[in-house]
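> Please read through the structure below; I'll follow up with questions.
The values are calculated or read from the model by the stated rules, or taken from the named source; none is laboratory data. These numbers come from a predicted model, not from an experiment. FYI the Cβ positions are ideal-geometry reconstructions off the backbone, even for glycines, and counts take in every protein chain you see.
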Number of protein chains: 2
Amino acid sequence: MNTPYYARWMPKQRTKHDVFVTEGAALDRGAGITLWRQIEARLAREIGEGAYEPGAQLPTERDLALRFGVNRHTMRHALSALAERGMVRIEQGRGMFVQETVLDYLIGARTRFSEILITQNRRPGGRLLRVDDDRRDARVARELKLPASSPLVELETLGEADGRPISVTSHFFPKDRFAGLADYYRRTGSITRALQACGVNDYMRLFTRLAARLPSAEEALLLRQPRSRPVIVSEAVNVDGAGCPIEFGLARFASERVRMMIQG
Amino acid sequence: MNTPYYARWMPKQRTKHDVFVTEGAALDRGAGITLWRQIEARLAREIGEGAYEPGAQLPTERDLALRFGVNRHTMRHALSALAERGMVRIEQGRGMFVQETVLDYLIGARTRFSEILITQNRRPGGRLLRVDDDRRDARVARELKLPASSPLVELETLGEADGRPISVTSHFFPKDRFAGLADYYRRTGSITRALQACGVNDYMRLFTRLAARLPSAEEALLLRQPRSRPVIVSEAVNVDGAGCPIEFGLARFASERVRMMIQG
DNA sequence: ACTGATTTGTGCGTATGTATC
DNA sequence: TGATACATACGCACAAATCAG
């Protein structure tokens, strides 16, 4: 096998070691349509029908050329046409991958994970990774305008779009005001609703800071991405109607699946 | 030597291999101030005075302990205090590095490179890398709401803060409206002023899209950063007073030196 | 930091089909 | 019919990037 470590949990899919029956017979040679166009159309249909997962690695040029019974150059012609269409992404030395549709994550005063995904026609999801109900962190406390040693509640969540991981987020709340928040989150599966249960009907984003870096081993694992691809790190503070800070969020987004969008 | 390729042009600086003369005599033992505090203060001053370049690697704990004639534990105490202050960054297995001050690049409707730097007390700079007065690019044309094959003027610039490169930006303009723009830029050194010379007194940012990826070899070279550190890619459209798109900017920021800030 | 294996990228030479003048 | 130009297709070789050890 040659599966990258981050792809171990992905559903079984075709690999370069699979044996292909030559489909040269399925191509019309000398029928007025060039070979590379026929191959392009065939692969485009297969990808469209979901034969390969988004983000999955396609067989190598060599194997595809073998499968279709054509020269590698001919194969490359078909593949570069697919890449130009944006259906696949070709990376020298790595291979070819089915292009994933990137999510435009709209950042503004009313940034809400679920709402953003729904307006992008994606199915939001997520799960709770970890809870720490007596966390201390001087830097986070400062962001929340609390004394440095104030107790905090931390929820670490994984955000998903259409079942694919998008983000790992640590949510920090002042403990004295949101002691039971973890339980409410477990019950509702939503930060917004858990906050409502704690008496916060509405909240606004005060600011967002964005940076980029390579992920830790754990982050790469959770996001199911290679360690060589960066994550977008978002630090944000949410305040209640009175302008009092209620949440500090530290999110790490898979940079290959998400793009940040700022209007105005 | 063991200099990474991107650092070849950087000024010569101290490395962990330099030999230090013991400065134990310079510390006041039993004078009411702990040794680690004295060392902390000394190193903080040296860094502040620029003895080490931002981002440069500090000598090893062992060498520093030797220099000050103290135990490694004492040295570590001083260093962890510096790390907590944010002056140095300690990476297990790699070494210690002078923390670079990150620039908060404020994104909003009136985003201007020079103004952002000045409000952050940084000295803005830059130079023109390349001009193409008859550029065609279907994707850029679409962003500017022009026919796909419209001619464009492209200026590629390097943005600097305090003499350190922070961004490489391709600015695209509709050629029919901004034919002489390159010359104006050469004369004024500012996009804003070059646009004024072309009759655009004010412009606004319509949107900004942010993504992250690893840099190309050329981008890494220009930004003087390793290829293994990501760049933040910003795509933005500016419009004139009438709402007509006048510029598409494709900027690549050194993620170690810049952080994007969004308010509200 | 080096090595070998894997995979995509590029160049050159050749042959053939197809459209145009 | 012949000449020419161009895209298509094949074969071979090596360069460049990536990755695992």
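> Scan A:G95, A:G32, A:G86, A:G108 and give me the residue that is of a type in the set (G, A, S), within 14 Å of another protein chain (Cβ to nearest Cβ) and within 16 Å of DNA strand C (Cβ to nearest atom).
None of the other options fit; the residue is A:G86.
> Please list, ordered by residue number, the helices (runs of 4 or more DSSP H) wholly in the range B:175-264 having 1 or more residues that are at the interface with chain A (Cβ under 10 Å from one of its Cβ atoms).
It comes to none.
> Next up: Looking at (1) at pLDDT 90 or above; (2) over 30 Å from A:G55 (Cβ atoms), can you tell me which one A:G180 breaks?
Against the list (1) at pLDDT 90 or above; (2) over 30 Å from A:G55 (Cβ atoms), A:G180 comes up short only on (1).
> What about A:R224, is it in contact with a Lys or Arg (Cβ under 9 Å, 6 or more places away or on another chain) and at positive phi?
On the way: in contact with a Lys or Arg (Cβ under 9 Å, 6 or more places away or on another chain): yes; at positive phi: yes.
Here the answer is yes, as A:R224 does meet what is asked.
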